[in-house]
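A.B. asks: Okay, here's the structure, questions in a sec.
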Amino acid sequence: METIRVGFVGNPNCGKTTLFNAYTGANLKVANWPGVTVEKMEGETSYKGQKIKLIDLPGIYSLTSYSIEEKVSRRCIMEHEVDVIINIVDASALERNLYLTMQLLELGKPVVLALNMMDIVEERGMEIDLHRLPEMLGGIPVVPVSARKRSGLDVLMHAAVHHFEEKHRANVVHYDNSIEEKMKDLEEILQNQYHIRENVRWYAIKLLEQDEEIRERFPLEVPEILDRSYEKDIINQKYDYIEEIMEDTLFYKSEKAAFTDKIDRMLTHPIWGMPIFFGVMAIVFFLTFFVGDGLKGGFEVILDSISNGAGQLLEHLKVAPWMISLVVDGIIAGVGGILTFLPNIFILFLALALLEDSGYMARVAYVMDGLMGHLGLSGKAFLPMVLGFGCTVPAVMASRTLEKESDRRRTILITPFMSCSARLPIYVLFADMFFGKYAMLAAFSMYFLGMLTAIVTALVIHHLETHTEHHTLLIELPEYKTPNARTIAIYVWEKIKDYLTKAGTTIFIASIIIWFLLNFGIHGMVEEVTDSYGAILGHWMEPILAPAGLGMWQIGVALISGISAKEVVVSSFCVLFGINNVNSAAGMASMTQQLAQVGFGPLNAYSMMVFCLLYIPCAATIGTIRRETRSMKFTLKMMVFQLLAAWMASVFVYQIGSLFF
């Protein structure tokens, strides 16, 4: 019995991967598509003895050939890697999802429609006519499922197997007479000249849309037929039919749409939309600092107890002094110093998750489209930048949604200037130590400065380019919804788990390495830290960092260690200055006193924050940039540029500030 290959296709965030995982469980394989950086997931399942291979295709909005995801999905379907298509749609956003469905039906493959998130439809008081909908889609199976509740899974797989055996095809959109006539002529030419027998109608449609990939494959010279691009005509007529479907099958949607429109009149206002966004982010960072700092007290007490207890236990066990120092001054001080910032990180991720799940983040791209257009980028480029506030790695990967390689590289170049959560401990530490009641303002200025640097960089690159191109933003603006508690919990837990994993691995190892650098020198273990390898390395960097007010060997060591992970800068300071709990009042006072003795004040601290904001990202991000761009040359140039930007900006801040303070 042959294995049926089933492709899962759908819009981003439609629950496709959740449904895929419900079928495959742990029996899946993740890899990259040949020649591109888009991941594919494959798994196996069965239905009544029939073996089924599942392929989770990238989330896409259409089958045009603009983005990498669209090209990959198209290639997979057209090159017979898929026998049956299961089109997963978000039933609560049916109108938007059906555009991809219309395109899939034209491919000539068996299509099964899976209506996911039906529970949300019911919560909103809407109804979908499950008898009329399949009729209007050419008789294809329409199966309501819930990936989250794992309901309807057997019915869906039965429909896929049965539909494959029937070899059912459906073409539901009939265009106006002029387009249909041109399609008929093109179909005849393709059949006679290229001997095409499958998907002839789809190829004809793509030729009328002047699809670059299809035109290269079938270079027809028929100007009387291909006299212009009919893409807009075809798109409009598809949506006309979708509107008919919605009128006949979806009920009680108008009240929810009216509510969304009412809010959007304010949040996407051409004048007030941007100030509202910055106001929202200001509230997020207010909560991150004030509420987060209030919760840190408990962590500080626990860390003090662990540190003191570990030291006493090791002394009681008569452990060698160097081992006690490694555990207490190296590992506990380094890793523990990072864990005390956990409340701040938790609140930041919680706020970002709420904004994303409510539907507001899509509006941010729309609001910022005008500004990004002046930079030669689409509003879509702002989404990776916003994601950069959480973590730069997924932010860089999110640049895949941009159609052109040049846009992707420019976005990748400026995204690391966004202050990721790993930099937050640095801002909190130095702002609390040196800026008192203005701590939140000093830290918030880093986020503003990062965005400003990104904008200026993109603007300069745009003006240096020899050509300019207009970017049109096509983006989904979903209806607002009450954030789902389970979704929020999973999102925040995954981010916190990553943070804790990093503390238990990267920062743990970095803390040990730094301890060794500070306790060993050319002649073995040293009594004075000034004789250590770390001091030697730091002294080499002093002349370079001195113009920025950072001419201390400890700072050089901390900045180098921060390449492994930005949080390590804080843990390095804890180890370098021998402070077990830098977040406590006593710890901050001790470090401030030590820094003051060498002339390190608020201006130096601000310069340090600026340097940490702009200099090269962590090793994980560097690896991601190399993988996404497939260019070590670009990655190295980017690292050099960011180092120069950080040095120049911090020198500017310190030298100008020295004239006034």
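The values are calculated or read from the model by the stated rules, or taken from the named source; none is laboratory data. Treat the numbers as computed from the prediction; the structure is a model and nothing was measured. Note: ideal-geometry Cβ built from the backbone for every residue, glycine included; neighbour counts use all protein chains shown. In case anyone asks, the SASA skips ligands and DNA or RNA and just uses the protein heavy atoms, side chains included. Shrake-Rupley method; radii C 1.70, N 1.55, O 1.52, S 1.80 Å.
A.B. asks: Scanning segment 549-561 for residues that are closer than 14 Å to I512 by Cα and not β-branched (V, I, T), which turns out most open to solvent (accessible area, probe 1.4 Å)? Write out each step before concluding.
C.D. replies: In the first step, residues of segment 549-561 are kept if they are closer than 14 Å to I512 by Cα; the result is 557-558, 561.
Narrowing the set further to residues that are not β-branched (V, I, T) leaves 558, 561.
Working: A558: 0, S561: 16 Å².
Filtering first and then ranking leaves S561.
A.B. asks: Here are some residues: L355, L371, L377, L348. Which one is aliphatic (A, V, I, L, M) and in a loop (DSSP other than H, G, I, E, B)?
C.D. replies: The unique qualifying residue is L377.
A.B. asks: Are there any helices (runs of 4 or more DSSP H) wholly within segment 39-125 with 1 or more residues that are aliphatic (A, V, I, L, M) and at pLDDT 90 or above, and if so which?
C.D. replies: Numbers: elements: 68-78, 94-105, 118-123.
Of the helices (runs of 4 or more DSSP H) lying wholly inside segment 39-125, those with at least 1 residues that are aliphatic (A, V, I, L, M) and at pLDDT 90 or above span 94-105.
A.B. asks: Report, ordered by the first and then the second residue, all pairs with beta carbons closer than 6 Å, sequence separation of six or more or different chains, a first member in segment 53-79 that is over 18 Å from Y23 (Cα atoms), and a second member that is open to solvent by 10 Å² or more (accessible area, probe 1.4 Å) and among the small types (G, A, S).
C.D. replies: That search, which allows pairs on different chains as well, returns K71/S65.
A.B. asks: How many residues does segment 342-381 contain that are charged (D, E, K, R) and touching a Lys or Arg at 6+ places or on another chain (Cβ under 9 Å)? Lay out the reasoning, then the answer.
C.D. replies: Restricting attention to segment 342-381, the residues satisfying the condition of being charged (D, E, K, R) are 356-357, 363, 369, 380.
Then drop every residue that is not touching a Lys or Arg at 6+ places or on another chain (Cβ under 9 Å), which leaves 357, 369.
Qualifying residue count, segment 342-381: 2.
Conditions tested, residue by residue: (1) open to solvent by 30 Å² or more (accessible area, probe 1.4 Å); (2) assigned to a loop (DSSP other than H, G, I, E, B); (3) touching a residue at least 40 places away in the same chain (Cβ under 8 Å).
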| position | (1), (2), (3) |
| --- | --- |
| L133 | no, no, yes |
| I140 | no, yes, no |
| M157 | no, no, yes |
| V161 | no, no, yes |
| V173 | no, yes, yes |
| S178 | yes, no, no |
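A.B. asks: Another question about this same structure. Looking only at helices (runs of 4 or more DSSP H) that lie completely in segment 568-661, which have at least 1 residues being more than 30 Å from S325 (Cβ to Cβ), open to solvent by less than 20 Å² (accessible area, probe 1.4 Å) and touching a Gly at 6+ places or on another chain (Cβ under 6 Å)?
C.D. replies: Filter on segment 568-661 gives 602-614.
A.B. asks: Of all residues in segment 378-388, which are more than 10 Å from the chain's Cα centre (by Cα) and at pLDDT 75 or above?
C.D. replies: Keep residues of segment 378-388 that are more than 10 Å from the chain's Cα centre (by Cα), which gives 378-382.
Within segment 378-388, A381, F382 meet the criteria.
A.B. asks: Something else about it: Of all the residues that make up segment 180-238, how many are aliphatic (A, V, I, L, M) and outside any helix (DSSP H, G or I)? Spell out how you get there, then give the answer.
C.D. replies: Residues of segment 180-238 aliphatic (A, V, I, L, M): 183, 186, 189-190, 196, 200, 204-205, 207-208, 214, 220, 222, 225-226, 234-235.
So of that shortlist, the ones also outside any helix (DSSP H, G or I) come out as 196, 220, 222, 225-226.
Matching residues across segment 180-238 total 5.
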